[in-house]
1. Could you give every pair whose Cβ atoms fall below 7 Å, whose first residue belongs to the range A:646-661 and is more than 14 Å from chain B (Cβ to nearest Cβ), and whose second residue is exposed (fewer than 14 other Cβ atoms within 10 Å of the Cβ) and aliphatic (A, V, I, L, M), counting only separations of at least 6 or pairs across chains?
2. If only one of B:MET67, B:MET108 is more than 7 Å from every other protein chain (Cβ to nearest Cβ) and modelled with pLDDT under 95, which one is it?
3. Output the qualifying pairs, or none if there are none: Cβ atoms under 7 angstrom, residues six or more apart or on different chains, first residue in the range B:6-23 and open to solvent by 40 Å² or more (accessible area, probe 1.4 Å), second residue assigned to a helix (DSSP H, G or I) and of a type in the set (Ser, Thr, Tyr).
4. Just one of the numbered conditions (1) open to solvent by less than 20 Å² (accessible area, probe 1.4 Å); (2) out of contact with any Ser or Thr (no Cβ under 9 Å at 6 or more places or on another chain) is not true of A:GLY521; which one?
5. Mind listing whichever residues of the range A:827-854 are open to solvent by less than 50 Å² (accessible area, probe 1.4 Å) and touching a Ser or Thr at 6+ places or on another chain (Cβ under 6 Å)?
6. Answer yes if at least one residue in the range A:459-479 is among the small types (Gly, Ala, Ser), within 29 Å of A:LEU66 (Cβ to Cβ) and assigned to a helix (DSSP H, G or I), and no otherwise.
7. For residues that are open to solvent by less than 70 Å² (accessible area, probe 1.4 Å) and touching a strand residue (DSSP E or B) at 6+ places or on another chain (Cβ under 9 Å), tally how many sit in the range A:655-672.
8. Is it true that A:PHE698 is under 37 Å from the mean Cα position of the chain (by Cα), among the aromatic types (Phe, Trp, Tyr) and surrounded by 19 or more Cβ atoms within 10 Å (Cβ to Cβ)?
Amino acid sequence: MACAEHPRGGAQPRPRNVAPLPNPGPRPAGELDELRRIWTPPRGLRFLTAINNNYVGIWYVGTAFLFFIFAGILGLIMRTQLAVPENDLVGPNLYNQLFTMHGTVMMFLFAVPAVEAMGVLLLPNMLGARDLPFPRLSAYAFWAYFVGGLVFFSSIFFDLAPKGGWFMYPPLTTETYSPGVNEDFWLLGIGFIEISAIAGAIEIIVGVLRTRAPGMTLDRIPVFAWAMLVFALMIVFAFPAIILATVLLELERAFHWPFFSAELGGDPLLWQHLFWFFGHPEVYIIFLPAAGMVSMIVPTMAQTPIVGYRLVVLAIVGTGFLSFGLWVHHMFTTGIPQLSLSFFSAASMAVAIPSGIQVFAWIATFAAGRVQMKTPALFVLGFLFVFVLGGLTGVMVAAVPFDWQVHDTYFVVAHFHYVLFGGMVFPLFAAFYYWIPYVSRNALSERAGRWVFGLIFVGFNVAFFPMHITGLAGMPRRVYTYSAGLGWDALNMVSTIGAFMIAAGVLLFVIDLARKFRMGGENNAGNVWNAGTLEWLPNGNYSNRSVPIVTSREPLWDQPNLAKDVEDGHYYLPGAPTGGRETIVTSAVEAKPQWLLQMPYPSWEHFIGAVFTAAFFLLLTFKLVAVSLVCGFIAIAAIVKWLWSLDPGPTHRPVPIGGGIELPVYATGPVSQSWWAMVILILVAASIFGCAIFSYLFLWTVSPEVWPAAASLPRAVHPLTAAVALIASTLCVAYASRALQRGRVVRVCLALGLASALMLGAFTIDLAALLDTRLRPTDSAYAAAVYLFVAIHGFYAALVVFMACFTIARGIARKLDRVRRVTFDNTMLFWHYTVAQTLAGLALVHGFPRLIGS
Amino acid sequence: MTAEARPFAPTALRMSAGIIVWAVHFAVIYGYTGLACARRFHDTGAMWTGAVPWVIGIATAIAAALMVLLILPALRARESRDFVQWMSAAIAGLALIGILYEAVPVFMLPVCT
């Protein structure tokens, strides 16, 4: 692999970037072979259990691309149907399934997994880690998605695919208007995607914050890693809304809890609020990582550092948070007061500011350097053209009166394809061409690449630009055919021709991929672009031979000999001092080495857990409850076995990693990766709960008539008793923590047992008091909302009691002591959170109606 | 184990302060307007305009003042090398634009039509 040179200053170092080598001398013979042996993935059938990020990342990207092709084929069928008026190629029933699956698969099975996959593939090397902190979690996320996604997709072959649009609006999707299991496939099928996305998000957040190379302070993090961090945080706050929404709609469909039925006090708009609170940030969840990729590609293509690094990071963070204030702009035609709409209209225009910052930064970077007009650069330029056009029509539809005119027309179809295809697919192709030399022995063909770009770029504009006009001419979305002579005929034919041009481009790309792509391992094509970031260091299954000290944003440009010194093992952790897989955990802000994380080996548990998680959700769709429960049980059993192997304790003495630094190999408390993951999981749980509170208050706002008088509520003594029991349980857990500090494991087990009894007691009181009122969840939206909170209470109570039992079992098995306490800490954190959440729920359900005096 | 000179939680909180205030402001102005219109109490309350514009105005003034407090230290600093300080102020600046821009329509539109 060629050593990178600074594009401006040749190989001359800048004095500030000279850092002493931690391991300057020659390395012992056999050290590298040992490292190779440890990180080699298993062979044969056990290859499926591999967890190295380079293998899982490639599978993940490949699967996402497969779904892009599948959903693209659905798009082609639709375009063929619409090519001429009054076509009878497909009927309305299949057409409804086609557009629903096209949108759903593109969003849930292609776009989000694709960018998450690129994170798994690139981040460890880009950050200088051996792997992300939870490699089995990444693999679990992948397999749940792979198996579940394929089964979900195949529903279209059996007339079982959902047909309510990718946004599944009730009342159309309620059981009354959509009987059968088609919509259930969507509601439950999306379940494993949500789990997979959240698992990936936790991995990425902890990875970016805690496994960066020493010296990679916040202002030296590659822009892609910043984008992935914001992406993952957005998943944490946005996906809970769709999780709750799907639960509510499934409860309504399966058990008639009337959250969305207006006649019983429900409101279909509740779905729209929850769906778009997820759905709009989702657009930016897809766009930001793509923008992050562009911010990596542009400086390399221009051979100069990105202009305005801080502004670009600001733009990523700014887009991330402003995108949560846009959701109602999908609901401009629902009768919400104009002033309320204008808040969202303003926020929709404000979000153009950070997007604009990024666009100008890329243009300025191109202008500042000497651009190599290679295929990745072409796709970036295509992205800029298409995305800016989509952004401009975005500002148009952000204006409420204009949106009223074009709502549900092909103008909107044109707009969001310009934004999504332009903002995500073009950058993704740029990324494929740019990073394939990092994983493959050969780069892709430059000549074919130009044809691929030409076909896709021209095809895209031929397909989607006319749709603006088709929409302004009045053609509505989601119609399976149209009458001749309405002025839409020629426009539709042109769009169809464009769609097939895109398909030809993608086909050519696949052919080139088949010809050129060969997994590289240690023999990848290397730094063919003369890029400056760490993923272009020589690498193998173990990532980099040694972990560099980072002194700038483009270390390969600024630190001469970095590649050779890393490969010769002159930086940190040149071998495997504990004899196993490991990576350095660094502090979140300043990236100082803190401890050495011992990483897991491949195992079947995450694979079995993932397959049966997907099976659980999908079988539930067919109302095969018993089989589904068996699958759920197998999934849980596999995951428990996996968990049992975690928390190894201090199995090894502190080890030297070079430069006089000796790191412990075990950590507990806030410095451990496990603590961070648990805190993020709590944020997810809190977001779901926040959405439940919103749902309760929203239903009360629209239907106060179904809220009961205070006299008909359960007597106050019941919730108060439950609250006392909950507080007592949390005190027991706090006591157990202190007892564990003193090594009194028996007392810990007893205290956890008592806490569990109190937790279950509190739930029993809560449920019994409610049942006693003779209120039933099917009575009204109020009743459904109240039972929702009791159900949440029960779910969390069961979860923490299960965690307590697991912790007690660890105590009995002597896997718990005053040092080895990560399992206990996780249980403790989640327990305290559960109590706080349940108390808030009790206060809302029992206190709110009394407070408002209804 | 090396000590961290800059603990993560306060740093993250400082950098997200602008975001949090923006989110609370947005929730207050949208939530209050929605409630006032649903329950028809928008035309009662203070002075001649009804309660909603006053609530939006006061919430906006408080949020904007908090943003200025976050931005000032960065402006006063002699050099802007500190990434965390710069980013906290820049995020607050962007949030301030959002806060003011989102509140402007209250001068232009009737409350509940």
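1. Once the first residue is more than 14 Å from chain B (Cβ to nearest Cβ) and sits in the range A:646-661, its partners that are exposed (fewer than 14 other Cβ atoms within 10 Å of the Cβ) and aliphatic (A, V, I, L, M) give A:GLY649/A:VAL819.
2. So the residue among B:MET67, B:MET108 that is more than 7 Å from every other protein chain (Cβ to nearest Cβ) and modelled with pLDDT under 95 is B:MET108.
3. Here the result reads B:ARG14/B:SER88, each pair linking the range B:6-23 to a residue that is assigned to a helix (DSSP H, G or I) and of a type in the set (Ser, Thr, Tyr).
4. (1)
5. Answer for the range A:827-854, where residues must be open to solvent by less than 50 Å² (accessible area, probe 1.4 Å) and touching a Ser or Thr at 6+ places or on another chain (Cβ under 6 Å): A:THR827, A:MET828, A:VAL835.
6. The answer is yes, given that some residue of the range A:459-479 is among the small types (Gly, Ala, Ser), within 29 Å of A:LEU66 (Cβ to Cβ) and assigned to a helix (DSSP H, G or I).
7. 12
8. In short, yes.
The values are calculated or read from the model by the stated rules, or taken from the named source; none is laboratory data. Small disclaimer: the values here were computed from a predicted structure and weren't measured. Cβ: placed from backbone, ideal geometry, glycine included. Neighbour counts: every protein chain shown. Accessible surface areas use protein heavy atoms only, side chains included; no ligands, DNA or RNA. Shrake-Rupley method; radii C 1.70, N 1.55, O 1.52, S 1.80 Å.
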